[in-house]
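In what follows, a structure is listed as structure tokens, so that the remarks can point back to it.
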Amino acid sequence: MSIIDLTFDVFGDTNKKPIIILHGFFASTRNWRACAEKLSQHHCVYVLDARNHGASPHHSVMDYQAMAGDVVRFIAQHNLVKAHIVGHSMGGKTAMWLALNYPECVDRLIVVDIAPISYTHDFTPLIHSLKALPLPLLTNRKQAELLLADAIPELSYRQFLLQNLLLINGSYRWRIDLDIFERNADNIVAFPSTDNLAPFYGSTLFIAGEHSRYISKNSTQMLFPVAIHQTVADAEHWVHVQQPEAFLKMVADFLPM
């Protein structure tokens with residue numbers, strides 16, 4: 001397993017207790033900056049770009065073992081010893097794998113709208129739609145947005161995905177490697193076998209969106225037996241974007257100063 005050095009943003013005083021935020025599939029540090037700035041009032045907040053995301057290096061392997069290993073290296077490199085970990089979706093699975101395999105690195109764990117299970121979601125049609133965009137013919141981002149409308153009807157999700165489309169020297173190109181994403185999509189949907197792992201007994205909070213179906217108490221109890229569950233009203237999967245104030249209050253109430 002090749003471990004890589006991740007790019008990151010840091011907010012707040014580095015002498016304060018660290019929080020590490022791990023984003024979801026297709027996302028990057030930019031999607032968490034507003035939350036990080038608020039949390040940095042009482043903590044030092046590190047927002048990491050996962051491998052193959054944002055400005056972090058690309059690598060052909062993208063699974064939870066490798067991504068958790070990247071975080072372990074980050075913790076060691078920055079002498080953090082132990083940090084609070086916040087992970088959303090793919091980042092939540094990375095955070096859970098980290099807690100189960102490297103509990104000495106994790107103080108309190110917050111998992112946002114995901115469970116330690118394998119799902120049946122298929123990213124292949126989505127990735128193929130992105131690959132089909134005629135990048136040499138695009139003259140503006142709005143064109144790309146309209147071309148994706150049939151395949152991805154939700155405007156906010158199209159705009160989120162298109163944050164990965166860069167204009168460089170007058171031409172558009174993907175910041176992410178869609179071939180790597182396609183080859184590893186099954187790893188993202190899945191969760192590695194936990195048959196030989198002990199449960200994580202550290203303080204854990206699962207936060208779910210009221211209208212999301214990604215998480216249930218039954219799907220978390222065996223591996224995280226002392227976890228508490230909270231639900232954010234009027235939110236779907238993107239809890240921290242759709243209801244940031246309610247989300248941040250839950251996080252702040254759970255984490256000691």
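What number comes out for accessible area per residue over the chain if the probe is 1.4 Å? Units Å², please.
Normalised by residue count, the accessible surface of the chain is 46 Å².
Using 7 Å Cα-to-Cβ label points, what is the Ser216/Gln230 separation (nm, one decimal)?
About 2.4 nm, to one decimal.
Going by accessible area, probe 1.4 Å, with all protein chains left in place, what is the ranking of Arg73, Arg173, largest first?
Descending accessible area places them as Arg173, Arg73.
Of the DSSP beta bridges with both residues in the chain, give the percent that are antiparallel, rounding to the nearest 5.
25
Measure off 7 Å from each Cα along the Cα-to-Cβ vector at Asn140 and Arg33, then give the distance between these two points in nanometres to one decimal.
If labels sit at Asn140 and Arg33, their model points lie 2.3 nm apart.
To the nearest 0.05, how large is the calculated FRET efficiency for Asp195 and Val61 if R₀ is 22 Å and r is the Cβ-Cβ distance?
After rounding to 0.05, the efficiency reads 0.50.
Looking at the chain as a GNM with Cα springs under 10 Å, which of Leu100, Leu161, Leu147 has the largest mean-square fluctuation?
Looking only at Leu100, Leu161, Leu147, the biggest GNM fluctuation is shown by Leu147.
Whenever you get a sec, compute what percent of the accessible area on the chain sits on carbon and sulfur atoms (1.4 Å probe).
51
Roughly what would the spin-label model give for Ser40 and Leu155, points 7 Å off Cα along C-beta, in nm?
3.1
Taking H as built 1.01 Å from N, whose amide H comes closer than 5 Å to the amide H of Val232, not counting residues under 5 places away?
Ala208, Gly209, Glu210
Which whole-number percentage describes the relative contact order of the chain, with Cα contacts under 8 Å and a sequence gap of 6 or more?
Computed value for the chain: 19 percent relative contact order.
Got the relative contact order for the stretch 71-167 handy, in percent, Cα pairs under 8 Å and 6 or more residues apart?
Reported as a whole number, the value is 19 percent.
The values are calculated or read from the model by the stated rules, or taken from the named source; none is laboratory data. Predicted, not measured: the structure shown is a model, and the values here were computed from it. Glycine gets a Cβ as well: all are built from the backbone with ideal geometry, and neighbour counts include every protein chain shown. Heads up: the accessible areas ignore ligands, DNA and RNA and are worked out on the full protein's heavy atoms, side chains in. Shrake-Rupley method; radii C 1.70, N 1.55, O 1.52, S 1.80 Å.
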